[in-house]
Amino acid sequence: MVAQADPADIAPHVVAKAIARLHRITLERVEKLSDQDFAWRPTSGSPSMAFHTWHMGRWADLLLSLLSGADGGKRQQVWDAEELAARWGIAQRDLGQDGTGMGLEDEASASLRLPERDTLLSYTCEVFAAVDAALAALDGAGYARESLDLYGRQSIVAEAVVSHLGHLSRHLGMIEALCGVQGAAGTATV
C-alpha cells in the first residue's frame with residue numbers, strides 16, 4: 001500500500017525529483033569527458049559543453065538565491081559570495097543578464113574563458129546539490145510563495161522552479177547533441 005500524500009505536495013515532490021535527476025544526469029555526462037572534449041566547440045562561434053554546464057550552474061545559483069531569499073527577495077549567490085568571476089579571471093560585465101550567460105551572443109559565449117573542467121564542475125555540483133536540497137524541503141505553500149522569477153519579474157516560486165526544469169532540459173539536450181557530434185552516444189539517459 002502506498003502512503004497517503006498531501007495532494008498539494010505531490011507536484012512539488014515530482015518537480016524536485018525531476019530537477020535532481022537532470023542535475024545528476026548532466027554531471028554524470030560531463031564528468032566522463034576529457035578537458036579537451038568538455039571545451040570543444042564545433043565552430044568558433046558555438047558554445048562548448050563547458051559553457052552549457054557553467055550556464056546551467058549559474059541559472060541554478062540564481063534559482064537558489066530566489067528560493068533562499070526571505071519575503072520574495074534574493075540572497076547572495078555562491079558565484080558572488082565566493083567571488084568566482086574574479087578568481088576565474090572573468091569580467092563580470094561580460095556575462096549577460098544576472099551574470100548567468102543569459103542573452104550572450106554565440107560569439108561572446110564561445111570566447112568566454114572558463115576554468116578547467118574540475119574547477120567548473122566543483123561550482124556546478126555545489127549549486128546543484130544546494131538547489132536539490134532546497135527543493136526537497138519545499139512544500140506546496142513554498143511553491144506558492146511570492147518571488148521573482150528567473151527573469152527578474154514578480155511571480156511565484158513555482159514559476160521559477162518550472163522554468164529551471166525546462167532550462168535544464170534544453171541545455172542537457174545541447175550537451176547530448178555536442179557529444180553526438182563528437183562521435184559519442186548522443187543521449188545521456190540510455
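Would you work out the charge dipole size for the chain about its Cα centre, treating the Cβ of every Lys and Arg as +1 and the Cβ of every Asp and Glu as -1, and quote it to the nearest 20 debye?
Values: 16 positive and 25 negative charges, 47 e Å.
Approximately 220 debye in magnitude.
How would you classify the chain from its alpha-carbon gyration tensor, with a ≥ b ≥ c the square roots of the eigenvalues: rounded for a/c under 1.5, else prolate if a/b is greater than b/c, otherwise oblate?
Oblate is the answer for the chain, as a/c is 1.5 or above yet b/c matches or exceeds a/b.
Considering only protein heavy atoms and a probe of 1.4 Å, how much of the accessible area of the chain is carbon and sulfur, as a whole percent?
Numbers: 5040 of 9490 Å².
Result for the chain: 53 percent of the exposed heavy-atom area is carbon or sulfur.
Dipole of the chain (Lys/Arg Cβ +1, Asp/Glu Cβ -1, origin at the Cα centre): which of Ala133, Pro47, Gly183 lies farthest to the positive side?
Gly183
Accessible surface of Asp139 in the full protein assembly, 1.4 angstrom probe, to the nearest 10 Å²?
It works out to around 70 Å².
Provide the per residue accessible area, probe 1.4 Å, for the chain, rounded to a whole number of square angstrom. Kindly include the intermediate steps, with their values, before the conclusion.
On the way: 9490 Å² over 190 residues.
Value returned for the chain: 50 Å² of accessible area per residue.
How high is the FRET efficiency from Ala85 to Asp118, r the C-beta distance, R0 22 Å, rounded to 0.05? Let's see the in-between values first.
Details: r = 18 Å, r/R0 = 0.83.
So, using R0 = 22 Å, E works out to roughly 0.75.
Would you calculate, for the chain, the mean residue ellipticity at 222 nm contributed by helices, counting each DSSP H stretch of 4 or more residues as -39,500 (n - 2.57) and dividing by all residues, to the nearest 500?
Numbers: 9 runs with 114 residues, N = 190.
It lands at -19000 deg cm²/dmol.
Of the listed peptides 75-87, 119-131, what is their order by residue-averaged count of other C-beta atoms within 10 Å, with the highest listed first?
Numbers: 75-87: 15.2, 119-131: 18.8.
Going by the mean number of other Cβ atoms within 10 Å, highest first, we get 119-131, 75-87.
Which whole-number percent gives the relative contact order of the chain, counting Cα pairs below 8 Å spaced six or more residues apart? Walk me through the numbers on the way to the answer.
Details: 230 pairs, mean separation 59.1, N = 190.
Relative contact order, the chain: 31 percent.
Can you tell me how much longer the chain between Arg170 and Thr43 gets when fully stretched, taken as 0.36 nm per residue apart minus their C-alpha distance, in nm with one decimal? Could the numbers behind the result be given before it?
Values: separation 127, 0.36 × 127 = 45.72 nm, distance 1.96 nm.
Gain in length upon complete extension: 43.8 nm.
The values are calculated or read from the model by the stated rules, or taken from the named source; none is laboratory data. Bear in mind the structure is a predicted one, so any value in this text is a computation, not a measurement. Cβ: placed from backbone, ideal geometry, glycine included. Neighbour counts: every protein chain shown. Heads up: the accessible areas ignore ligands, DNA and RNA and are worked out on the full protein's heavy atoms, side chains in. Shrake-Rupley method; radii C 1.70, N 1.55, O 1.52, S 1.80 Å.
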